[in-house]
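Below is one structure, written out as structure tokens; comments come after it.
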Amino acid sequence: MLLPMDEKQFAFWKMRRSGTPNITIANLLGISRQAVSKALLIMDGKIESALWDMAQANQIAIDKINTERGILIGRSIPFQTAAIIFVSEKHGMQVWYEHDGDCGACQRYTECIELLWDYATELGIRLEKTADPTKMAEELFGKVKAIV
């Protein structure tokens, strides 16, 4: 399932994920708090369904889900490693497997660094500066697991 990232409901969800209270979202948009709550309930259902679908498609056993943050923590059955599925405004739905990579030799080095920084920024998580995507991922996902 693809997430409807261009819908108003997703915009409300992003605002709430960044810490904006429902009443503030309602006031900013000139709508009722009840309308915001209803839209968020619908979006939470879509997020949860998308996370479940992605976990099933990638054979990930689910440990925890946080729909308000758009995070699923689990374990890859075929790879026998920790896995995290997350919703990123900029990068869509992503699956990340815990691994020790040879980042210096990887063609996706820059892409991984960008994705990790962007996702940390979206969640308001501060990371130590490092040029190693594996270390960045360990730090980021350790902090993400703490908020789930």
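The values are calculated or read from the model by the stated rules, or taken from the named source; none is laboratory data. Keep in mind that what you see is a predicted model, and the values were worked out from it rather than measured. Note: ideal-geometry Cβ built from the backbone for every residue, glycine included; neighbour counts use all protein chains shown.
See the values below:
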quantity: Where Asp100 falls short, out of the listed (1) over 16 Å from the mean Cα position of the chain (by Cα); (2) under 26 Å from Leu3 (Cα atoms); (3) charged (D, E, K, R); (4) part of a loop (DSSP other than H, G, I, E, B); calculated: (2)
quantity: Filter result for Ala137 (of a type in the set (A, V, I, L, M) and modelled with pLDDT under 90); calculated: no
quantity: Single condition Gln59 does not satisfy, out of (1) touching a Pro at 6+ places or on another chain (Cβ under 7 Å); (2) surrounded by 15 or more Cβ atoms within 10 Å (Cβ to Cβ); (3) at pLDDT 95 or above; calculated: (2)
quantity: Flag for Phe79 being surrounded by fewer than 17 Cβ atoms within 10 Å (Cβ to Cβ), modelled with pLDDT of 90 or more, under 19 Å from Lys64 (Cα atoms) and of a type outside the set (Asp, Glu); calculated: yes
quantity: Failed item in (1) surrounded by 17 or more Cβ atoms within 10 Å (Cβ to Cβ); (2) in contact with a strand residue (DSSP E or B) (Cβ under 8 Å, 6 or more places away or on another chain); (3) more than 28 Å from Met15 (Cα to Cα); (4) at pLDDT below 95, with Cys103 passing the rest; calculated: (2)
quantity: Which numbered condition Ala11 fails, given (1) surrounded by fewer than 13 Cβ atoms within 10 Å (Cβ to Cβ); (2) within 15 Å of the chain's Cα centre (by Cα); (3) not in a strand (DSSP E or B); calculated: (1)
quantity: Test: residue in the stretch 40-55 that is of a type outside the set (A, V, I, L, M, F, W, C) and farther than 18 Å from Gln94 by Cβ; calculated: yes
quantity: Residue in the stretch 48-66 that is among the aliphatic types (A, V, I, L, M), assigned to a loop (DSSP other than H, G, I, E, B) and in contact (Cβ under 8 Å) with a residue 24 or more places away in the chain present; calculated: no
